[in-house]
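**Student:** Please read through the structure below; I'll follow up with questions.
Coordinate-derived values only; no laboratory data. Everything numeric here is computed off the predicted structure, so don't read it as measured data. We place every Cβ from the backbone using ideal geometry, glycine too, and count neighbours over all the protein chains shown.
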Amino acid sequence: MARKTKPVVLDVKAPEAETTPEVVQTIGRKEFIARVSSDSGLKPKDARVAVDAVLSALAAALRDGQEMNLPPLGKIKHVKSKDIGGAKVATVRVRIPEQGVKKAGSDPLAEMGEEG
């Protein structure tokens, strides 16, 4: 009696095109404060106080699972969270608007020659 063998199915995929890994630059607190100071004209000491207050408010909102709409940063939506070793790990989705894109009619100033 002949022995039956099961066919073997191989999942062969074409090699994917080589992609270059995306380089991610991490900005630390000191550099972030320096950028805020430079962009706003605030003294570094005042920028530090403002940045700390904003980051504390963001952390509290994320900890509570709140959604935020903060132009020009964008909309931040809480997806899920998990408590791990005394800290909460939150997964969020951030929708960042294109830089310089404005909604039609969002400019409060009249065009030259228009009276309002």
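**Student:** Neighbour counts of other C-beta atoms within 10 Å: give me E67, E22 arranged from fewest to most.
**Tutor:** E22, E67
**Student:** Suppose R0 equals 30 Å; then what is the FRET efficiency for A57 and V23 from their Cβ-Cβ distance, rounded to the nearest 0.05?
**Tutor:** The computed FRET efficiency comes out at 0.50.
**Student:** Cα convex hull of region 29-95: mean projected area in nm², to one decimal?
**Tutor:** 5.2
**Student:** Does a label point 7 Å from the Cα of K88, set along Cα-to-beta-carbon, have any residues of region 53-67 with amide nitrogen under 12 Å, and which are they?
**Tutor:** So the set is 58-67.
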